[in-house]
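Let me begin by presenting the structure, written as structure tokens, before commenting on it.
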Amino acid sequence: MKEKIENLAKQAKESLEKVTNIQALNELKIKYLGKKSELSNLLKEMANLSQEERPVIGALANKVRKDIEEKIAKKEEEFEKRELAEKLEKERIDVTLPSTKVKRGSKHPVNRIIEEIEDLFVSMGYTVESGPELETDRFCFELLNLPQGHPARDMQDSFYITDEYLLRTQTSAVQARTMLANQEKTPIRMICPGKTYRREDDATHSHQFTQAEGLVIDENITLADLKGTLEIFAKKIIGENSKLRFRPSYFPFTEPSYEVDVSCFKCGGKGCNLCKQTGWIEVLGSGMVHPNVLGMCGYDPEKYSGFAFGLGLERIAMFKYGIPDMRYLYQNDVRFLGQFDR
């Protein structure tokens with residue numbers, strides 16, 4: 001058995017001297033040190049040896065195992081160093097070469113519209129407010145004069161998380177929050193751009209979209225103030241030649257309520273495919289704040305009045321930049337978004 005172990009040690013030494021890669025080294029490691037290796041099989045035969053021979057053969061076997069382990073470890077270190085050197089050589093960088101030009105990003109069209117609207121209204125004395133996107137039923141509906149059972153609460157239109165919480169369907173919820181937070185009931189002039197959510201998805205609608213809500217509360221606020229404000233908005237944001245048209249409508253939180261159309265920026269009101277030959281494009285909803293809303297939010301409707309308006313910023317971006325499909329705004333195609341960095 002001593003001869004067999006010595007021959008095995010010699011054979012292992014010769015094999016390790018010839019090995020050229022880590023894969024072959026791992027195979028030799030299994031062959032000479034694994035559970036089913038020749039050395040392990042030889043050690044199983046020690047049971048047949050005499051008591052005098054066992055310590056001698058055991059010591060020899062342990063020495064041979066240790067020698068093989070050391071040689072394998074040394075080889076592993078050599079291969080690792082060689083592999084690292086090859087990798088460093090392969091990944092060598094010539095610092096004298098010109099650098100790769102980094103493509104510059106651009107502002108998203110919706111962000112451009114948000115900034116323009118904020119700048120305009122801040123210059124008119126408005127504040128910019130914000131509120132949670134996960135809203136309560138109270139702020140999203142009840143305080144805006146939408147009682148239980150109103151069609152706007154339909155589960156097909158809103159994303160409900162629980163019976164109490166839902167993803168806000170409109171930024172009007174911030175109006176209620178702002179009015180309630182104004183403990184001294186001083187005049188309010190605010191806008192709130194933000195994300196809203198509804199169960200819609202087509203070329204002109206999205207399940208997630210951006211609204212800008214405007215609210216003014218003060219004494220002696222009239223429809224003339226609303227009309228003048230929206231005319232300034234249309235001329236500054238959409239175009240100097242823009243004209244407005246007010247159409248009676250219905251919103252639970254305003255009375256009277258109006259849909260507001262702007263003269264088609266493409267044809268100038270003559271009629272084209274964009275405005276469906278009418279010369280007008282609907283851009284926002286507006287109206288005088290309903291007395292019920294004022295009362296629920298702590299304002300005396302006999303003393304205070306106000307107006308509110310809300311518009312979809314994606315639609316404004318589509319009109320202003322000639323974008324045919326709202327879904328382009330959310331596909332993150334840099335070829336599309338790069339058009340607006342000019």
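The values are calculated or read from the model by the stated rules, or taken from the named source; none is laboratory data. Predicted model, so just to flag it, every value in this text is computed and none were measured. All Cβ positions, glycine included, derive from the backbone under ideal geometry; neighbour counts span all protein chains shown.
Residues being assigned by TED's automatic domain parsing to the domain that holds Gly310, more than 24 Å from Pro256 (Cβ to Cβ), over 23 Å from the mean Cα position of the chain (by Cα) and not hydroxyl-bearing (Ser, Thr, Tyr) are entirely absent from the range 167-174.
Would you check if there is a residue in the range 163-186 being in a strand (DSSP E or B), of a type outside the set (Ser, Thr, Tyr), surrounded by 20 or more Cβ atoms within 10 Å (Cβ to Cβ) and in contact with a Leu (Cβ under 6 Å, 6 or more places away or on another chain)? Quick ask: steps written out before the conclusion?
Looking only at the range 163-186, we keep the residues that are in a strand (DSSP E or B), and these are 165-167.
Restricting the remaining residues to those that are of a type outside the set (Ser, Thr, Tyr) gives 166-167.
After this cut, where a residue has to be surrounded by 20 or more Cβ atoms within 10 Å (Cβ to Cβ) as well, the list is 166.
Retained after the next criterion (residues that are in contact with a Leu (Cβ under 6 Å, 6 or more places away or on another chain)): none.
No: the range 163-186 contains no residue that is in a strand (DSSP E or B), of a type outside the set (Ser, Thr, Tyr), surrounded by 20 or more Cβ atoms within 10 Å (Cβ to Cβ) and in contact with a Leu (Cβ under 6 Å, 6 or more places away or on another chain).
Within the range 111-140, the set of residues being assigned to a helix (DSSP H, G or I), touching an Asp or Glu at 6+ places or on another chain (Cβ under 6 Å) and closer than 21 Å to Glu314 by Cα is empty.
Only one of Phe253, Phe233, Phe265 is more than 30 Å from Asn145 (Cβ to Cβ) and within 35 Å of the chain's Cα centre (by Cα). Can you tell me which? Lay out the reasoning, then the answer.
Numbers: Phe253 fails: more than 30 Å from Asn145 (Cβ to Cβ); Phe233 fails: more than 30 Å from Asn145 (Cβ to Cβ).
The unique qualifying residue is Phe265.
In this structure, does Ala212 turn out to be outside any helix (DSSP H, G or I), under 22 Å from Glu135 (Cα atoms), under 33 Å from the mean Cα position of the chain (by Cα) and not β-branched (Val, Ile, Thr)? Judged against the criteria, Ala212 is a match.
Among the listed residues Ser99, Ser158, Ser172, Ser130, which satisfies the condition of being modelled with pLDDT of 90 or more, among the small types (Gly, Ala, Ser) and more than 23 Å from Pro291 (Cβ to Cβ)? Please lay out each step first, then the result.
Working: Ser99 fails: modelled with pLDDT of 90 or more; Ser158 fails: modelled with pLDDT of 90 or more; Ser172 fails: more than 23 Å from Pro291 (Cβ to Cβ).
The conditions single out Ser130.
If you go through the range 239-256 and keep only what is part of a strand (DSSP E or B) and surrounded by fewer than 19 Cβ atoms within 10 Å (Cβ to Cβ), you end up with Arg245, Phe246, Arg247, Pro248, Ser249, Tyr250, Glu255, Pro256.
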